[in-house]
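Derivation of every value follows stated rules applied to the coordinates shown; laboratory data play no part. The structure presented is a predicted model; accordingly, all values stated were derived computationally and were not measured. Positions of Cβ are backbone-derived with ideal geometry, glycine not excepted, and every protein chain shown enters the neighbour counts.
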Amino acid sequence: MPVLKSAFPSEMKLSAGQSSTLTVQADGTAPLEYQWLHDDSEIRGATATSLKVSTSGRYSVLVRNRAGTVVSPVTVVRQAQ
């Protein structure tokens, strides 16, 4: 099963028009597959080790290989007031 080697902040605040990038590092038997989630739904085409975020919501990433799947903790992105 993959092992996550990096942690995200539990919460991020973005100003209007601002974006940030979430990056995951994982170890495990290759090949490792990544799938980013926004509000518990898969983001189409978001299968890299990083994701640029600019909208509010809950973000996490699935990391899979033949041995299993691990889900990262959630990062809540909010727009600053």
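Here are the numbers for this structure:
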{"quantity": "Long-range amide H partners of Met12 with built H, under 5 Å", "calculated": "Val76, Val77, Arg78"}
{"quantity": "Efficiency of FRET between Thr29 and Gln81 - r from beta-carbon atoms, R0 41 angstrom, step 0.05", "calculated": "0.35"}
{"quantity": "Top positive-direction residue, dipole computed over the chain with Cβ charges, set Val3, Ala16, Ala30", "calculated": "Ala16"}
{"quantity": "Fully extended contour minus Cα-Cα distance, from Ala46 to Ser15, at 0.36 nm per residue", "calculated": "8.9 nm"}
{"quantity": "Estimated dipole of the chain in Debye, rounded to 20 [Cβ of Lys and Arg +1, of Asp and Glu -1, Cα centre]", "calculated": "100"}
{"quantity": "Hydrodynamic radius of the chain per Kirkwood, over alpha carbon pairs, in Å", "calculated": "13.0"}
